Amino acid sequence: MVIQSTLTPEEFRRYELNRHFRRSLFYFYAFIFAVLTVYALTNPTAPIAIYVVAPVPLLAYSIGGWAAIIRRSNDPDLPVFLPMRYELTTSGVRLNTPKGNSSFTWSDFTAWRKALGVYELTLQNGLRLVFSEAAVPQAQVKTLDDLLKKQIQERA
């Protein structure tokens, strides 16, 4: 199966924002914010400064991540914005881009998911191959899903 894909800046932003807010660091900062807020609300002698300080790490993480993603989505040389050709076979995935070629066997992958209009294939080293769901012809969606389930999900 051959898939030619280029992510749009909107798809990239949506995908990256989702990843940013699923990281454990976000939940850590949210937990700290919640604990400090509960402490301040339940302790009448708590200093007022807690209300100001408690959200700072969470806001810094959120705004900093959002700004970095917006900045990166405006970079036309980002690899996800270049035309990519994915060849998915029973032996693995071959990726061809204007900047080079790569080959992966199915054992190189640990997981896959389909969300927010993109397919995400996770490699053992943590890198991800991402291609647009819109690039997959409607007639091949079930075939692709079955191939990924068989080669990645069932093996894991």
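Brief remarks follow.
- The ratio of the alpha-carbon radius of gyration of the range 9-73 to the globular-protein estimate 2.2 N^0.38 Å is 1.38.
- About its Cα centre, the dipole of the range 37-156 is roughly 100 debye, where the only charges are +1 on Lys and Arg Cβ and -1 on Asp and Glu Cβ.
- As a proxy for reagent exposure, Met1, Met84 were ordered by neighbouring Cβ count within 10 angstrom, fewest first; the result is Met1, Met84.
- Sorted by Cβ density within 10 Å, fewest first, the residues Ile3, Ile32: Ile32, Ile3
- Residues in the range 65-80 carry Karplus couplings, in order, of x, 4, 5, 5, 5, 4, 4, 5, 6, 9, 8, x, 8, 4, x, 5 Hz; the curve used is 6.51 cos²θ - 1.76 cosθ + 1.60 with θ = phi - 60°, and Gly or Pro positions show x.
- Degrees between helix 9-20 axis and first principal axis of the chain (Cα, 0 to 90, nearest 10): 50
- 23 Å Cα-Cα threshold exceeded, pairs from Lys99/Lys149; Lys114/Lys142; Lys99/Lys150: Lys99/Lys149; Lys99/Lys150
- Crossing angle, helix 24-42 versus the chain [Cα axis fit, 0-90 degrees, rounded to tens]: 20
- Length-normalised contact order for the chain - Cα pairs under 8 Å, 6+ apart - percent: 25
- Dipole moment magnitude, nearest 20 debye, the range 9-73 about Cα centre, only Lys, Arg, Asp, Glu C-beta charged: 200
- Kirkwood Rh (inverse of mean 1/r, distinct Cα pairs), the chain, angstrom: 18.1
- Semi-axes of the equivalent ellipsoid for the range 108-156, computed as √(5λ) from the eigenvalues of its C-alpha gyration tensor and ordered from largest down, come to 18, 14, 7 Å.
Quick note: the coordinates plus some simple rules give every number you see, no bench work behind them. Nothing here was measured: the structure is a model prediction, and the numbers come from that model. Glycine gets a Cβ as well: all are built from the backbone with ideal geometry, and neighbour counts include every protein chain shown.
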